[in-house]
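**Student:** Supplied in structure tokens, the structure appears directly below.
The values are calculated or read from the model by the stated rules, or taken from the named source; none is laboratory data. As the structure is a computational prediction, the values presented were derived from the model and not from experiment. Cβ coordinates were reconstructed from backbone atoms using ideal geometry, including for glycine residues, and neighbour counts include every protein chain displayed. Each accessible area value is taken on the protein alone, full model and side chains, heavy atoms only, with ligands, DNA and RNA left out. Shrake-Rupley method; radii C 1.70, N 1.55, O 1.52, S 1.80 Å.
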Amino acid sequence: MTSPLILDTLRPPRYIAFEGPIAAGKTTLARMLAAQISSDLMLEDFQSNELLADFYKERERWSLPMQLSFLSVRLTALRSVNRPFARTLVADYTSLKDPLFARLLLRDRELRLFERIAAMGATDISLTDAIVNLEATDELLLERIRRRGTP
């Protein structure tokens, strides 16, 4: 059983992010929360990663370029956010998953290269006040992906 999201009402969070697998509902819930609390919204731009399709066809060959592409897009988006926040920011992703995926997909010198490049961009921009992790069964996730028409 997961614990409910408890927010300090005296000090509202300034940066709330959603995490979870593809089709878990991150974007839907981020949009709903942002509208409900009148916050700023930041959505992941995974569709602009022109290497993603190549990665799904030939994982070993395209893992490093794909991960670096995601890293650059996420860091650029997070750096565009002005701090301190004037309003709460709700996002449908965090950059915290980048090193996790890198460790799953990359080996040896490719992993070391990714980590060196990621460290060059590391700042406090990825620090969230609250992360909401979404989970769903594989069957539900695959059904949602099919409904989207996503290959």
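**Student:** Taking segment 55-96 only, how many residues are surrounded by 17 or more Cβ atoms within 10 Å (Cβ to Cβ) and assigned to a helix (DSSP H, G or I)?
**Tutor:** Summing the residues that are surrounded by 17 or more Cβ atoms within 10 Å (Cβ to Cβ) and assigned to a helix (DSSP H, G or I) in segment 55-96 gives 14.
**Student:** State yes or no: is MET32 in a helix (DSSP H, G or I), of a type in the set (A, V, I, L, M), closer than 17 Å to ASN133 by Cβ and at pLDDT 90 or above?
**Tutor:** Yes; evaluated as a whole, the condition is true for this residue.
**Student:** Let me ask something else about it. Give the residue that is nearest to GLU60 (Cα to Cα), with candidates limited to residues of segment 124-138 that are open to solvent by 70 Å² or more (accessible area, probe 1.4 Å) and modelled with pLDDT of 90 or more.
**Tutor:** So the residue we want is ASP138.
**Student:** Filter segment 18-35 down to the residues that are open to solvent by 20 Å² or more (accessible area, probe 1.4 Å) and closer than 14 Å to LEU89 by Cβ and list them by number.
**Tutor:** The answer is ARG31, LEU33, ALA35.
**Student:** I've got another one for you. Give me the residue from segment 97-123 that is modelled with pLDDT of 90 or more and open to solvent by less than 10 Å² (accessible area, probe 1.4 Å) and, out of that set, nearest to GLU135 (Cα to Cα).
**Tutor:** Ranking the qualifying residues of segment 97-123, first place goes to ALA102.
**Student:** Applying the selection to segment 96-145, what residues are among the charged types (D, E, K, R) and closer than 19 Å to ARG14 by Cα?
**Tutor:** ASP124, ASP129
**Student:** I'm told ILE22 meets every condition in (1) in a helix (DSSP H, G or I); (2) at pLDDT 85 or above except one. Can you identify the failing condition by its number?
**Tutor:** Condition not satisfied by ILE22: (1).
**Student:** Just to be sure I understand the filter: pairs with C-beta atoms under 9 Å, separated by 6 or more residues or on different chains, first member in segment 118-132 and in a strand (DSSP E or B), second member at pLDDT 75 or above and surrounded by fewer than 16 Cβ atoms within 10 Å (Cβ to Cβ). Which pairs pass?
**Tutor:** ILE131/LEU96
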